[in-house]
1. Given an 8 Å cut-off on Cα distances and at least 6 residues of separation, report the relative contact order of the chain as a percent.
2. When the Cα centres of region 410-452 and region 274-295 are compared, how far apart do they sit, in Å?
3. Take the Cβ-Cβ distance between LYS281 and ALA679 as r, set R0 to 22 Å, and report the resulting FRET efficiency rounded to the nearest 0.05.
4. Please calculate how many Å² of accessible area the chain carries per residue, with a 1.4 Å probe and no DNA, RNA or ligand atoms counted.
5. So how exposed is LYS81, as accessible area in Å² (1.4 Å probe, rounded to 10)?
6. If packing is taken as the mean number of other Cβ atoms within 10 Å per residue, what is the order of 509-515, 121-127, highest first?
7. Let me spell out the model: positive unit charges on the Cβ of Lys and Arg, negative unit charges on the Cβ of Asp and Glu, origin at the Cα centre of region 392-573. What dipole size does that give, in debye rounded to 20?
8. Heavy atoms only, probe 1.4 angstrom, no DNA, RNA or ligands counted: give me LYS184, LYS223, LYS256, LYS267 ranked by accessible area, highest first.
Amino acid sequence: QSPASRSRGRFPLSILFIVINEFCERFSYYGMKALLTLYLTNFLRWEDNFATIIYHTFAALCYLTPILGAILADSWLGKFKTIVYLSIIYAIGQAVLSVGSINDLTDHDRNGTPDNISLHIALSMIGLILIALGTGGIKPCVSAFGGDQFGDDQEEERAIFFSLFYLAINCGSLISTIITPVLKAMECGIHAKQQCYPLAFGIPAILMAVSLVVFLIGSKMYKKVKPQGNVMLQVCKCVGFAIKNRFRHRSKEFPKREHWLDWASEKYDKQLIAQTKMVLKVLFLYIPLPMFWALFDQQGSRWTLQATTMNGDFGIRLQPDQMQTANAILIVIMVPVVNYLVYPLIKKCKINFTPLKRITVGMFFASMAFVAAALVQVQIDKTYPVFPAAGQTQIKLINLGVAPATVQFQPQLQSVDVSPNEGTDYMTFETSKLQSLHIISASLNKTLPLELQGRQRYTLAFKWNLLSIDSNLILDNVTSKPEDGKNLIRFINNLPFTVNVTMDYEGHGVLPPLSVSNYSAVKGQDLGYIIKASWPPCSCIVRSKKFGFGSAYTISVDGCTNYTLDITYFEDIAPNTVHMAWQIPQYFLLTCGEIMFSVTGLEFSYSQAPSNMKSVLQAGWLLTVAVGNIIVIIVAGASQIDKQWAEYVLFAALLFVVCIIFAIMASFYTYVDPNEIEAQFSEEEKKEDKKDQDDNEKEAETDSRL
């Protein structure tokens with residue numbers, strides 16, 4: 001049995017370590033990235049636009065650094081050492097990010113808020129830079145290193161490896177995107193309970209360390225190919241020399257050449273120049289492609305922020321950052337459907353659905369995904385509460401008494417009737433015009449002079465007693481909907497004595513009659529919370545209702561019946577009513593776009609590239625992703641658009657225009673067979689070698705005659 005037949009069919013054991021390494025690394029990366037936008041907005045307290053800019057800056061860095069990793073691996077360190085050294089940097093970055101998210105690190109006054117936010121920002125940014133350097137640097141090395149483990153006669157085994165490798169990537173990303181948001185939603189902390197970012201970032205950090213250890217365990221089994229020089233550098237030098245040489249010979253006395261790259265022929269051989277021409281033809285087609293990635297990568301930024309304003313009740317509570325799993329799940333389902341059903345049907349219909357046409361259709365689908373996102377956003381905006389603008393004040397009335405009341409807003413602005421144990425919606429007034437309130441209930445009346453602040457909401461709670469009208473004007477201090485789908489809850493004491501109120505055994509204060517606790521942010525729970533009110537000698541409890549997502553309530557403590565607490569809910573901000581399921585159509589359209597654009601794009605690039613130039617096109621492809629993220633940074637930083645739906649429409653329109661431009665460019669492209677061209681050069685070389693051999697033989701014959 002020959003060595004070739006023995007190696008065929010045998011799977012190198014080292015592959016197991018590489019596949020496990022890739023699973024752990026992708027779990028680490030996607031698990032961290034799923035949380036990043038909400039970490040920037042909720043923990044570092046950055047506003048949405050700035051958080052979007054930082055998110056896409058990080059994503060751009062992750063796709064710029066692969067070029068550095070490829071050069072390091074091919075020219076100096078080799079793939080193995082590059083993976084090891086950059087994985088160490090990567091693991092350190094994940095650990096630094098996790099430490100930076102520990103609230104108690106600087107919470108010296110124990111009030112639940114970091115005292116030195118600058119330290120948390122610095123640690124977070126250092127962590128993200130190290131992660132970008134690590135993940136980007138190893139990206140072009142790991143799959144290629146796996147391919148190196150197979151012999152030339154193991155094509156079938158190598159193909160199976162790449163399938164397993166792709167499966168490891170998808171499994172790692174899918175599982176981590178489900179798990180890390182759940183870990184984040186758990187509350188932890190020494191002094192104050194907060195969302196558990198240290199645990200949610202810490203698990204990816206541990207997985208990255210495991211990834212490195214697993215990779216090192218297989219060290220002695222790996223086939224390590226020595227650095228052989230980076231073809232990217234050769235192509236860049238060839239292009240640079242051609243431009244420089246053409247510039248030197250720009251006068252009319254020098255004859256023109258068929259292609260500007262032919263000016264490199266003085267220094268570089270014809271085959272390299274011909275291969276570079278093929279590569280540049282494909283790279284020219286890449287120019288419009290970044291616009292697709294500008295839309296695609298907003299799943300983790302704008303679309304996640306959109307999900308925070310929606311209702312995530314699917315029977316179980318879905319976290320906003322878990323909606324990103326829709327893309328991974330749809331990819332797993334749809335790739336075989338498209339490859340084995342859609343494309344064969346199109347072929348049966350005798351439609352010539354070329355790779356460039358697929359890419360064009362993919363861009364169109366992504367554009368439509370953002371139209372769908374804009375339609376969803378319009379519906380969300382309709383349910384969003386209106387907060388007071390500059391020079392305005394809003395007031396809500398709550399009648400806690402047993403008698404109906406009328407409240408007059410003076411001077412002669414408005415008169416409102418309020419039934420017993422009911423409240424009104426917020427009413428908007430010009431701050432400067434509203435001077436006092438006049439309350440009439442039963443036979444009593446009361447006037448309250450007002451000194452109000454602009455751009456604020458107030459609640460007037462009042463009740464009729466036999467001899468007087470008691471009232472309390474409360475500054476609500478809420479200027480936006482609760483973040484991350486949480487709910488704001490506060491309590492008002494509607495009893496004639498002081499009560500101590502707790503919710504799930506967390507204290508909400510000792511409240512004198514008609515006084516109000518501060519709002520507390522709580523998660524919506526399927527079973528509700530246990531509310532307990534105590535006053536000597538009584539203690540009564542009741543289970544709260546299910547609060548939903550993004551609501552705010554004032555709960556009045558009214559009394560006790562058979563040890564069951566009597567409470568009334570007053571809705572200050574309505575819960576999110578647009579369901580997260582409405583994001584599924586936009587994810588479906590974007591996933592259709594991704595399959596036709598991304599999968600086909602790589603396949604097309606590889607089919608049109610010479611065998612030794614595939615890494616150049618991979619670098620170019622990754623560069624389009626980086627540029628796409630830079631486009632989002634520019635738009636988010638420079639845009640004056642107030643409405644989010646309008647920004648979605650802008651991106652959809654831009655991609656649609658780019659889609660038309662690409663279709664026109666693609667119509668002029670002529671498909672080539674690089675193998676055929678390489679075979680021609682090989683044939684020419686053989687002919688030249690034979691000619692040289694014949695010439696040498698003739699010279700030898702002539703010499704022998706002499």
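The values are calculated or read from the model by the stated rules, or taken from the named source; none is laboratory data. Bear in mind the structure is a predicted one, so any value in this text is a computation, not a measurement. Neighbour counts run over all protein chains shown; Cβ positions are idealised from the backbone, glycine included. All accessible areas refer to the heavy atoms of the entire protein, side chains included, with ligands and DNA or RNA removed. Shrake-Rupley method; radii C 1.70, N 1.55, O 1.52, S 1.80 Å.
1. Working: 1201 pairs, mean separation 115.8, N = 706.
Result for the chain is 16 percent.
2. 66 Å
3. Values: r = 19 Å, r/R0 = 0.86.
Approximately 0.70, to the nearest 0.05.
4. Details: 33550 Å² over 706 residues.
Heavy-atom accessible area per residue stands at 48 Å².
5. 100 Å²
6. 121-127, 509-515
7. Working: 14 positive and 16 negative charges, 18 e Å.
Roughly 80 debye for region 392-573.
8. Values: LYS184 0, LYS223 95, LYS256 185, LYS267 130 Å².
If we order LYS184, LYS223, LYS256, LYS267 from most to least accessible, we get LYS256, LYS267, LYS223, LYS184.
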